[in-house]
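The values are calculated or read from the model by the stated rules, or taken from the named source; none is laboratory data. Note that the coordinates shown come from a computational prediction; the quantities given were computed from them, not determined experimentally. Here the Cβ is made from the backbone with ideal geometry for all residues, glycine too, and neighbour counts use every protein chain on show.
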Amino acid sequence: MSAARRAAAAPPAAGISGAPALAARDVPGQALAARIVAWQRRHGRHDLPWQRTRDPYRIWLSEVMLQQTQVATVLPYYARFVARFPELHALAAAPLDEVLALWSGLGYYRRARLLHRCAQAVRDAHGGRFPHRAAQLAELPGIGRTTAAAIAVFAFGERAAILDGNVERVLTRALGFGADLALAPARRALWAQAEALLPQRGIRAYTQGLMDLGASVCLARRPRCEACPIAGACVAAAQGRAEDFPAKSRRLRRGQRTSGLLWLAQRDALWLVQRPAVGVWAGLWSLPDAESAAAWLARAQAWPGRGAALPVVEHALTHFDWRLEPLRWTLPARLPAAARRAIEADLPAGRWVARDDALALALPAPVRRLLGG
C-alpha cells in the first residue's frame with residue numbers, strides 16, 4: 001500500500017489512545033469479547049498442564065516461566081519444578097542454588113531469584129496462601145501487573161486485564177491503536193482500553209483466547225488474518241497494516257561482547273567460579289572468563305599441560321550478542337601440590353568440581369552445552 005493510500009485509510013486522530021472509541025466500531029466491545037471466547041473454546045489451547053488446575057501456585061509458576069519464553073520450552077521445566085517443588089512451602093524452603101540449578105537453561109535467571117523470594121513472601125506474609133486480588137498479587141516480588149491479573153483470572157475468576165506481548169499485539173491491531181507504547185501515557189491508555197473490553201462472563205476463556213490468538217494467529221510477522229475470529233472488526237486488518245502495530249519508537253540497540261572461557265581440567269574435575277549476585281548470569285556457576293581466549297592462552301603458557309581452542313559459541317541475550325571463545329586446558333593427572341596452588345592463585349576465586357557434579361549445578365545454558373550436559 002502506498003504512503004498516500006495508507007494515510008487516507010488511517011483512522012482519525014483520537015488523542016493519546018490512537019484509536020477511536022470502541023463504541024464507534026462496527027462490533028461493540030462485548031461482541032468482540034464474545035467472539036474471542038467462542039473461538040478459544042473451539043480452537044484455543046486446552047491441554048497445557050497449568051490449564052488443568054485452579055491452584056494459584058502452579059498458575060503463578062507457569063506465568064513466571066512463560067515470560068519472554070515459548071510454551072514448548074517451558075513444558076519440561078514446569079514438569080521438573082512441580083515434581084521437585086509440588087507446593088509453595090517446598091519451593092520457599094529450598095536453597096536458592098537448587099532453584100537456580102533447576103532453572104538452568106531457561107534463561108532470564110532473575111525470574112528464578114524473584115520466584116524464590118516471592119514464595120518466601122507468600123509463606124511469611126500471607127500464611128502460604130496467595131492473595132485473591134490482582135492488586136494485592138502485584139505487590140509480591142517478581143509479579144507485575146499482567147502476571148498478577150493472569151493469576152487472579154485463572155485461579156480466582158477475577159475480571160482483570162492482561163497486557164503481555166501477545167495481547168498487546170492483538171489489541172493494538174484490533175483497535176487501530178497507533179500511539180507510541182514507548183511512552184507511559186500511551187501504555188496507560190491501552191490498559192484502559194483493555195479493561196473496557198473485559199466481558200462480564202467467560203473471563204478465563206477470554207483471557208486465554210487473547211493469549212492464544214497472539215501466539216498462533218495474530219503473529220508478529222505474517223499474521224493469519226483469515227483464521228482470526230475478529231478480523232472483520234480489526235482496524236489493522238481492514239487497512240492492511242497489521243505489521244505497523246504495536247507502535248514503539250524506542251528500540252534498544254543491541255550491543256556486542258566477546259569473552260574467553262577457560263575450561264581448566266584435571267582428571268575428571270574442572271575449575272568453576274560463582275558469578276556475582278548482580279549482572280549477567282548472576283549467582284550461577286560458570287567457567288572463568290577473560291577478554292578473549294587469547295588472553296587465557298597467554299596466561300596458560302606458564303602452566304603444565306596442553307590446551308586447545310574450542311569452536312566459538314554465539315549466545316544471544318536480551319540486549320547484546322555475546323561471542324564466547326572457549327579454551328580447554330588440561331593439566332597433568334599428577335601435579336605437585338605447590339604447582340597446583342600457584343595455578344589456583346592465578347585464577348578467579350572458585351573451586352574444583354567433578355564434571356558430573358558440575359552438571360548438577362546452576363550453569364548457564366551455553367556452558368552446560370559446552371561441557372556436554
(message) Residues to consider are Q208, Q193; find the one that is within 30 Å of A148 (Cβ to Cβ) and touching a Ser or Thr at 6+ places or on another chain (Cβ under 8 Å).
(response) Q193
(message) Exactly one condition in (1) closer than 24 Å to L317 by Cβ; (2) among the basic types (K, R); (3) touching a residue at least 60 places away in the same chain (Cβ under 8 Å) is false for R267; which is it?
(response) (1)
(message) Being out of contact with any Phe, Trp or Tyr (no Cβ under 7 Å at 6 or more places or on another chain) and free of Cβ contacts under 8 Å to residues at least 24 places away in the same chain is the requirement here; does V170 meet it?
(response) no
(message) Against the condition touching a Gly at 6+ places or on another chain (Cβ under 7 Å), in contact (Cβ under 8 Å) with a residue 24 or more places away in the chain and outside the structural domain of L96 (by TED's automatic domain parsing), how does S259 come out, does it pass?
(response) no
(message) Can you go through A4, A23 and tell me which one is in a helix (DSSP H, G or I), outside the structural domain of N166 (by TED's automatic domain parsing), at pLDDT below 95 and farther than 18 Å from L213 by Cα?
(response) A4
(request) Name the single residue, out of those in the stretch 265-286 being within 15 Å of L114 (Cα to Cα) and of a type in the set (G, A, S), that is surrounded by the most Cβ atoms within 10 Å (Cβ to Cβ). (result) G283
(request) Kindly provide the set of residues from the stretch 272-287 that are among the aromatic types (F, W, Y) and closer than 17 Å to D356 by Cα, ordered by number. (result) W285
(message) Given the options A316, A342, A295, name the one that is assigned by TED's automatic domain parsing to the domain that holds L264, over 16 Å from R257 (Cα atoms) and not aromatic (F, W, Y).
(response) A342
(request) Among the residues of the stretch 53-71, write down those that are in contact with a Leu (Cβ under 8 Å, 6 or more places away or on another chain) and of a type in the set (S, T, N, Q). (result) S62, T69
(request) Find the residue count for the stretch 35-74, including only residues that are exposed (fewer than 15 other Cβ atoms within 10 Å of the Cβ), more than 30 Å from A233 (Cβ to Cβ), basic (K, R) and free of Cβ contacts under 8 Å to residues at least 40 places away in the same chain. (result) 1
(request) Scan the stretch 165-196 residue by residue and report those that are assigned to a loop (DSSP other than H, G, I, E, B) and surrounded by fewer than 20 Cβ atoms within 10 Å (Cβ to Cβ). (result) D180, A182, L183
(message) Test of understanding: among R341, R328, R275, which residue is more than 24 Å from R368 (Cα to Cα) and among the basic types (K, R)?
(response) R341
(message) Suppose we keep only residues that are within 21 Å of the chain's Cα centre (by Cα) and surrounded by fewer than 18 Cβ atoms within 10 Å (Cβ to Cβ) within the stretch 88-98. Which one would you say is farthest from A358 (Cα to Cα)?
(response) L96
(message) So, in the stretch 122-150, exactly how many residues are surrounded by fewer than 17 Cβ atoms within 10 Å (Cβ to Cβ), assigned to a loop (DSSP other than H, G, I, E, B), at negative phi and in contact with a Leu (Cβ under 8 Å, 6 or more places away or on another chain)?
(response) 1
(request) Would you mind finding the one in A101, A119, A79 that is within 23 Å of A152 (Cβ to Cβ) and either surrounded by fewer than 14 Cβ atoms within 10 Å (Cβ to Cβ) or small (G, A, S) (or both)? (result) A119
(request) Could you check how many residues of the stretch 239-249 are part of a helix (DSSP H, G or I) and touching a residue at least 40 places away in the same chain (Cβ under 8 Å)? (result) 3
(request) Enumerate the strands (runs of 3 or more DSSP E) found wholly within the stretch 302-373, keeping only those where 3 or more residues are touching a helix residue (DSSP H, G or I) at 6+ places or on another chain (Cβ under 6 Å). (result) 320-330
(request) Kindly list the number of the only condition in (1) surrounded by fewer than 18 Cβ atoms within 10 Å (Cβ to Cβ); (2) of a type in the set (S, T, N, Q); (3) under 19 Å from Y108 (Cβ atoms) that fails for S292. (result) (3)
(request) Out of A227, A231, A220, A236, report the one residue that is in contact with a Phe, Trp or Tyr (Cβ under 8 Å, 6 or more places away or on another chain) and not assigned by TED's automatic domain parsing to the domain that holds A300. (result) A236
